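The values are calculated or read from the model by the stated rules, or taken from the named source; none is laboratory data. Remember, predicted model here, so these are calculated numbers, not experimental data. Cβ atoms come from the backbone with ideal geometry, glycine included; neighbour counts cover every protein chain shown. Calculation scope for accessible area: heavy atoms of the full protein, side chains included, ligands and nucleic acids excluded. Shrake-Rupley method; radii C 1.70, N 1.55, O 1.52, S 1.80 Å.
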Amino acid sequence: KFYCFCKLVNLDEVSDYLEVVKKPMDLEKIREKIDCMEYDTVKEFISDVELIAENAIEYNPADDHTGRQIRHRAAELKDFLHSLLDNELDEDFATLCEEIKSARAARREQKEAEQQSSRSRSESTRNTGQSRRSTTTEEDNVNVQINGIASQSQDPDSADTIVHQIVELLRNTDVDHIIRLYTLISQVVIKNRSNKSMTRETLISEHIEPLLHSFAQTISRSTFSEPLG
């Protein structure tokens with residue numbers, strides 16, 4: 001009875017079919033989708049069967065004898081489908097299918113969100129690693145500068161050069177760091193000014209240099225270590 005809807009229209013015989021019908025459907029395709037469990041709900045199954053009938057009516061003219069026969073079969077197909085579902089299908093089945101579909105969609109969304117969160121954490125970890133490597137490189141560069149300054153501290157004629165280099169070093173830090181460093185150096189000087197045996201070399205090598213090294217190690221952080229000694 002519905003044999004004409006079993007397979008897709010032969011496009012060699014009906015070359016203009018796809019110009020009229022944009023979404024072809026046939027009973028064999030529906031059976032394949034059932035076998036592959038591609039239907040989540042009864043509504044999706046009904047939609048495909050009705051699509052067969054709609055395509056037949058869309059393509060076949062009513063003023064042609066063959067066309068009228070096919071259109072009549074299409075109407076019968078729709079009537080047969082709904083009669084079958086009304087008589088055979090549990091009335092709660094369609095609702096149950098919709099609930100299952102919603103639950104599946106929710107699980108997919110949750111899984112996608114978890115995967116996205118995992119990718120974000122991985123990206124954050126990589127960025128943190130890169131930031132730490134960058135910070136380490138910056139601190140190494142500052143240490144090189146301070147070591148260069150310290151190597152000149154024993155030469156009385158190099159005072160201007162030392163001052164200039166320290167100033168240039170401080171230009172690469174923010175105001176809070178500079179104020180903190182100034183405070184720490186002042187504390188060292190005040191603490192040792194009453195020591196009559198304290199020489200310039202001792203003050204620099206035992207107090208100022210360790211302080212500058214501490215400054216170098218923490219230049220990219222928000223706080224400084226207390227002065228050594």
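Tabulated data
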{"item": "Solvent-accessible area of Lys29 with every protein chain in place, 1.4 Å probe, in Å² to the nearest 10", "result": "90"}
{"item": "Accessible heavy-atom area order of Met37, Met25, highest first, probe of 1.4 Å", "result": "Met37, Met25"}
{"item": "Contour minus Cα-Cα distance for Arg107 and Glu91 (0.36 nm per residue)", "result": "3.2 nm"}
{"item": "Where Val20, Val49 fall by accessible area, highest first, once all protein chains stay in place (1.4 Å)", "result": "Val20, Val49"}
{"item": "37 °C / 0.692 mPa s Stokes-Einstein diffusion coefficient of region 1-69, Kirkwood radius on C-alpha pairs, µm²/s", "result": "252"}
{"item": "Where GluC sites (Glu not before Pro) fall in DSSP loop in region 1-108, at most 11 other Cβ within 10 Å", "result": "Glu13, Glu91"}
{"item": "Heavy atoms of Phe93: accessible area, 1.4 Å probe, square angstrom to 10", "result": "90"}
{"item": "Three-way shape call for region 58-107 based on the alpha-carbon gyration tensor, with the a/c threshold at 1.5", "result": "oblate"}
{"item": "Kirkwood Rh, Cα atoms: Rg over Rh of region 78-127", "result": "1.45"}
{"item": "Label-to-label distance, nm, for residues given as Ile34 and Gln116 (7 Å Cα→Cβ offset)", "result": "3.8"}
{"item": "Accessible surface ranking that places the most exposed of Asp12, Asp64, Asp48, Asp92 first, with a 1.4 angstrom probe", "result": "Asp12, Asp92, Asp64, Asp48"}
{"item": "Per-residue SASA entry for Asp63, accessible area with 1.4 Å probe, Å² rounded to 10", "result": "130"}
